[in-house]
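Below is one structure, written out as structure tokens, with a few remarks after it.
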Amino acid sequence: MSIAGTYESDGVAARLRTARRGAGLTQKQLAQALGVEPITVSRWERGVTTPSLPRLRRIAELTETTTSDLVRAPDAMSAHAVELAALREELAETRELVDRVARALERLAPARSGAGSLRASRES
């Protein structure tokens, strides 16, 4: 039983490929686990054909995702949430870098003032 037409096959193909790769599986390994030929997995991932709903459920299980994640594109709110999380992570990394630079400058500041004092005492 194919569920073609109930979802966008190109999107499913890309999500299927992403899920398989994310699980660290080759097309051959996924095919073996599903009892199909590797060419079948290739066709699914290229959007030539679509897996049946029972197969999608098994693929979701093998790739540790959900059937819903495989068949439906993330909604705008989910996409924004992912983008926001990535920006927060980038901000945290930037803050850490700024803090390290500030600490390095603080360590250098006493050394500079000490060198200036030494120079001043030599000139006297």
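Around Q27, what is the net charge, scoring Lys/Arg as +1 and Asp/Glu as -1 over all other residues with Cβ under 13 Å from its Cβ? Let's see the in-between values first.
Working: positive: R17, R20, R21, K28, R43, R46; negative: E37, E45.
Combined, the nearby Lys, Arg, Asp and Glu give +4.
Working out 0.36 nm times the residue gap between L105 and L53, then minus their Cα-Cα distance, what length gain in nm do you get to one decimal? Kindly include the intermediate steps, with their values, before the conclusion.
Values: separation 52, 0.36 × 52 = 18.72 nm, distance 6.01 nm.
Value of the extension gain: 12.7 nm.
Set the Förster radius R0 to 35 Å, insert the Cβ-Cβ distance between T94 and Q32 as r into 1/(1 + (r/R0)^6), and round the FRET efficiency to 0.05.
Details: r = 44 Å, r/R0 = 1.27.
The pair T94/Q32 has a calculated efficiency of 0.20.
With each label point set 7 Å from Cα along the Cα-Cβ vector, what nm distance links E61 and T18?
Each label point lies 7 Å from its Cα, and together they span 2.4 nm.
Each value in this text was obtained by applying a stated rule to the coordinates, not by laboratory testing. Only a predicted model underlies this, so the values are computations on that prediction, with no experimental measurement involved. Every residue, glycine among them, receives a Cβ derived from its backbone with ideal geometry; neighbour counts consider all protein chains shown.
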